[in-house]
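Here's the structure we're looking at; comments come further down.
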Amino acid sequence: MLTAARNEMLTRVGPGTPMGELLRRYWQPIGGASELDANPIKPLRLMGEDLVLYRDHGGRYGLVDRHCPHRRADLSYGWVEETGIRCSYHGWLMDETGRCLEQPYEDTTSPKPSKAGCDIKAYPVKECAGLLFAYLGPLPAPELPVWEPFTWGNGFREIVLADVPCNWFQCQENSCDPVHFEWMHDNWGSRQRGEEKNAAPKHLKLKFEAFEHGFIYKRVREGQSDEDRYWTVGRVALWPNGFYLGSHFEWRVPVDDENTLNIAWFFVRVPKGREPYVQERVPTWISPLEDENGRFITSHIINQDIVAWAGQGRIADRTKENLRSSDIGITMMRQRYFEEMEAIAGGKEPAGIIRSANQAQCIELPNMTREINTDGITLAEFRTHPLLRLRLERFPFHYGQPAEVRRAFVAAMGIAGP
Ligand code: FES
Ligand SMILES: [Fe+2]
C-alpha cells in the first residue's frame, strides 16, 4: 500500500514532475518508422506534451511542438519539404532542431527579417530495428541502447501499438508480476475455451533480482524444476518502462497521466534453411482493444493484460491495495523508482543511462531462448515447440494482425497460409 502522495509521485509524468523528469532521461520508443511511409506526419502526445512527429524528404526525423511558433496553428496539418515541416496557415518552415528557417511574408518584404525567438520545441529522434525512439530529457542525450535482439538477422519483425486507457505505471508493474501468467493467461484462457477447472500449473516459488537494466524475475511452477530456464535465467522487467521476454519487447510509454502507448517489437527467426532472409520494412500496426459492444477483447495475451491494467482504473488507487508475497517484485520496482527520482533531485544521473557509444552497440539481456533466435531451429522443431508451435498458427499477442502482415509472415517462414 502507498500513500496518495507517493502514488502521485509514481504516476504523474508531465514536465517538472519527479517521474516525468526520470522517464525523460531515457530514449522512449514512440512508433514504427514504417508508420510514416503513407503519411510522413503523425500527431503524438507524449508525457502530457502535444507534439508532431515527421520525416522530411531529406529522410530526417523531427519531433516538434504540435503548435506553430507563429500563431499556434496545428503543425500536423502542415506538410514536409526537403528540410523540415511547413505550417499550412502562413507557411513558416521549421527544421528538426526546432529552428525556424522561413517566414515567407517577412522574408519577402522585410529588408532584415529576423527569426529571433521563433524557435520551436524539438526533441531528437533515432531509428533502430524499425522502431523510432525519442529523447525528451536534458541534453546531451545519452546513447540509444541497442539491445541485442535489434542486431539479429534472418528474422520477421513487427511492431504493434495499443492505446491503453490508463496510467503507464500499472502497465509497467505487470512486467514484474509472474503469477498473473497462471491466472490471466492460462486459467482465464482455458475458461474462455469453456473448460471448467483451474488446471494451470501453480507457481511454487518466485525470485526477483535487481540488475543495471531492471529486474529479473524467476519462477518454478508445477512440473518444472530448479534446472529450468524459467528459474536459471528468467525474464526481464526492463528499466524504466519495458518488458523483455527473449524474443519480444514491450514498452509502456506514457501519453499523459491517464493514457499509455503500449508499443511492442516482435522477432521470429525464419526456420533453418530459409536464410538468408532480409526483411525490407518492419510493419507497424495498431491493435484494436474493444469489441462492437465496447467491451475489451480478451482473446490475445496482451489484450488480456490490458483488461487488468485498465481495470485498475485510470490511475490505480494504491492506497487501497493489499500487497502479498507474490508482489515482492512490485515493491522492489517501486522502491527503485523512488530512489532514482531522489537521485535526479540530488543532481545525479539515474541508473541504466549509457554514455559510451561502444557499450551501447549491442547490450545483452538475460534470455531463455537466445539460441532459437541466433542459431535457428528447423520448421519441424517449430511445429513441436510448446510456444512457437502456436506462433506459426496465429499471432497470439495482440488482436487484429492485418492480413498483409500475416501473409508476409507466412511467406517468410515458408509455411502454408493464411
Ligand atoms: S500559425 Fe503557423 S505560419 Fe502562422
Ligand atoms: Fe501478461
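The values are calculated or read from the model by the stated rules, or taken from the named source; none is laboratory data. Every value quoted in this text rests on a predicted model; they were computed, and no experiment measured them. Neighbour counts run over all protein chains shown; Cβ positions are idealised from the backbone, glycine included.
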**Prompt:** Looking at segment 240-263, which of its residues are surrounded by fewer than 22 Cβ atoms within 10 Å (Cβ to Cβ) and in contact (Cβ under 8 Å) with a residue 40 or more places away in the chain?
**Reply:** Gly246, His248, Val255, Asp256, Glu258, Asn259
**Message:** Looking at segment 1-45 only, could you name the residues that are touching a residue at least 60 places away in the same chain (Cβ under 8 Å) and either aromatic (Phe, Trp, Tyr) or part of a strand (DSSP E or B) (or both)?
**Reply:** Tyr26, Trp27, Gln28, Pro29, Ile30, Gly31, Gly32, Arg45
**Asked** Which ones in segment 63-98 are away from ligand 1 (no atom under 11 Å from the Cβ), in contact with a helix residue (DSSP H, G or I) (Cβ under 9 Å, 6 or more places away or on another chain) and without any contact (Cβ under 8 Å) to a residue 40 or more places away in the chain?
**Response** Arg66
**Message:** Condition check: within 30 Å of Glu21 (Cβ to Cβ) and more than 15 Å from ligand 2 (Cβ to nearest atom). Does Phe156 satisfy that?
**Reply:** no
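Being more than 27 Å from Leu161 (Cβ to Cβ), out of contact with any Phe, Trp or Tyr (no Cβ under 7 Å at 6 or more places or on another chain), surrounded by fewer than 21 Cβ atoms within 10 Å (Cβ to Cβ) and charged (D, E, K, R) is the requirement here; does Lys121 meet it?
On the way: more than 27 Å from Leu161 (Cβ to Cβ): no; out of contact with any Phe, Trp or Tyr (no Cβ under 7 Å at 6 or more places or on another chain): yes; surrounded by fewer than 21 Cβ atoms within 10 Å (Cβ to Cβ): yes; charged (D, E, K, R): yes.
When the stated conditions are applied, Lys121 does not pass them.
Just checking, does segment 312-328 include any residue being touching an Asp or Glu at 6+ places or on another chain (Cβ under 7 Å), under 21 Å from Leu23 (Cα atoms) and either assigned to a loop (DSSP other than H, G, I, E, B) or touching a residue at least 60 places away in the same chain (Cβ under 8 Å) (or both)?
Checking segment 312-328: at least one residue is touching an Asp or Glu at 6+ places or on another chain (Cβ under 7 Å), under 21 Å from Leu23 (Cα atoms) and either assigned to a loop (DSSP other than H, G, I, E, B) or touching a residue at least 60 places away in the same chain (Cβ under 8 Å) (or both).
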**Message:** Checking the conditions here, which among Thr319, Thr284, Thr298, Thr331 is closer than 30 Å to Arg383 by Cα, modelled with pLDDT of 95 or more and surrounded by fewer than 17 Cβ atoms within 10 Å (Cβ to Cβ)?
**Reply:** Thr298
**Message:** Could you check segment 174-209 and list, in sequence order, the residues that are more than 16 Å from ligand 2 (Cβ to nearest atom), among the hydrophobic types (A, V, I, L, M, F, W, C) and touching a Lys or Arg at 6+ places or on another chain (Cβ under 7 Å)?
**Reply:** Leu204
**Asked** Can you spot a residue in segment 273-281 that is in a loop (DSSP other than H, G, I, E, B), modelled with pLDDT of 95 or more and within 23 Å of Val164 (Cβ to Cβ)?
**Response** no
**Prompt:** Are any residues in segment 201-226 touching a residue at least 60 places away in the same chain (Cβ under 8 Å), farther than 22 Å from Tyr26 by Cα and among the aliphatic types (A, V, I, L, M), and if so, which ones?
**Reply:** Leu206
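Determine whether Val307 is farther than 25 Å from Leu365 by Cα, β-branched (Val, Ile, Thr) and part of a helix (DSSP H, G or I). Please lay out each step first, then the result.
On the way: farther than 25 Å from Leu365 by Cα: yes; β-branched (Val, Ile, Thr): yes; part of a helix (DSSP H, G or I): yes.
Against the criterion (farther than 25 Å from Leu365 by Cα, β-branched (Val, Ile, Thr) and part of a helix (DSSP H, G or I)), Val307 qualifies.
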**Complete:** Of Glu173, Glu148, the only residue that is within 25 Å of the chain's Cα centre (by Cα) and farther than 30 Å from Asn358 by Cα is Glu173
**Request:** Would you mind stating whether Asn358 is surrounded by 19 or more Cβ atoms within 10 Å (Cβ to Cβ) and either without any contact (Cβ under 8 Å) to a residue 24 or more places away in the chain or closer than 25 Å to Ala237 by Cα (or both)?
**Result:** no
**Asked** If you take the residues in segment 301-316 that are within 20 Å of the chain's Cα centre (by Cα) and more than 16 Å from ligand 2 (Cβ to nearest atom), which one is surrounded by the most Cβ atoms within 10 Å (Cβ to Cβ)?
**Response** Ile315
**Fill in**
Scanning segment 334-349 residue by residue, the ones that are crowded, with 18+ Cβ neighbours inside 10 Å and farther than 19 Å from Arg6 by Cα total 0
**Request:** Please verify whether segment 369-388 includes one or more residues that are touching a helix residue (DSSP H, G or I) at 6+ places or on another chain (Cβ under 7 Å) and in a loop (DSSP other than H, G, I, E, B).
**Result:** no
**Asked** Within segment 285-294, is even one residue touching a residue at least 12 places away in the same chain (Cβ under 8 Å), more than 16 Å from ligand 1 (Cβ to nearest atom) and either at positive phi or over 20 Å from the mean Cα position of the chain (by Cα) (or both)?
**Response** no
